[in-house]
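Read through the structure below, which is laid out as structure tokens, and then see the notes.
The values are calculated or read from the model by the stated rules, or taken from the named source; none is laboratory data. Just so it is clear, the model here is predicted, and its values are computed rather than measured. Positions of Cβ are generated from backbone atoms using ideal geometry, with glycine treated the same way; all protein chains shown enter the neighbour counts. Surface areas here come from the heavy atoms of the whole protein model, side chains and all, with no ligands, DNA or RNA. Shrake-Rupley method; radii C 1.70, N 1.55, O 1.52, S 1.80 Å.
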Amino acid sequence: MRLKQRLLAIYQNLYTSYGPQGWWPTTPPGKTTPVYRPGATSRRLNQRERWEIMVGALLTQNTTWHNAELCLEALSASGSLDLRELHDLPLEQLSGLIRPARYFNQKAQRLHDLAGYVLEAYGGSIAALTGRPPAELRPELLALKGIGQETADSILLYAAQYPFFVIDAFTRRICHRLGLAAVSASYGELQDLFARALPADADLFNEYHALFVRHAVEHCRPKPQCDSCCLRKSCRYGVETVD
DNA sequence: ATCCTGGAGT
DNA sequence: ACTCCTGGAT
């Protein structure tokens, strides 16, 4: 009961400080980013967007989003971002296009396999994949090489728009410093923390995770910038400067 | 525990 | 010359 209020207060604080992050659905040029309202539903994504989110989720593993975006642009510019085009591309050419994503050989193989899986299991229909019951889709994604819990939940949340809270290194760092979780807390424990305390709302989880990333990049860095942190008052880290 | 392994900021 | 990044597999 106390946890619920605190997590919502943290969200409000971050949202007030940083504003909407506009991850997905992306905002068309010329329009303003829609503001998240509890209970409101964001627009449905089309299949091309859902697939690009899945590709982006793999490319950005342990890599900056900036670098992942360079890869997405290279894929798009060469006409290889589409599911079938990507699958038909020789691995050597694919890895050459996604070089900024660091582990380009591994990721090229995994993107190829992911595209192949969608083609075989769903006839290439992303809608068929994202339309599956989430409790069945998650283990399916986890069974694929290159998709762990974080990437699976990113796909479930951002591509399929199901309410799965994404736990990443940023979330861990912030939660630890805020005193919300031990460093040893497992992925599932962190995820349960948010699942129990927050309404199961995909748009809320979407914006919350994006705000965590923004906050971790700008203030709750490995070397924290506590002096200008919007959560300073409710964080033991900024007060005591403990580890 | 190690491998994979580019780009940008400091 | 460092550090860090929306990890996953072995």
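Here are the numbers for this structure:
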item: Surface accessible to a 1.4 Å probe, per residue, for the residues of the stretch A:84-194, Å²; result: 44
item: Span-like helix ranges in chain A, DSSP H, alpha carbon extent 20 angstrom or more, Kyte mean at least 0.0; result: A:202-218
item: DSSP-loop trypsin sites (Lys or Arg not before Pro) across the stretch A:123-180, with at most 13 other Cβ within 10 angstrom; result: A:K145
item: The stretch A:90-133 residues near the modelled A:A200 label - backbone nitrogen below 20 Å, point 7 Å along Cα→Cβ; result: A:129-133
item: Value of relative contact order over chain A, rounded to a whole percent, pairs C-alpha under 8 Å and six or more apart; result: 23
item: Label-to-label distance, nm, for residues given as A:K223 and A:A182 (7 Å Cα→Cβ offset); result: 3.1
item: Carbon/sulfur fraction of accessible area - the stretch A:47-159, other protein chains in place, 1.4 Å, %; result: 50
item: Distance in nm between pseudo-label sites at A:Q5 and A:R48 (7 Å out along the Cβ direction from Cα); result: 4.9
item: Residue-count net charge about A:Y18 - beta-carbon cut-off 13 Å; Lys, Arg +1, Asp, Glu -1; result: -1
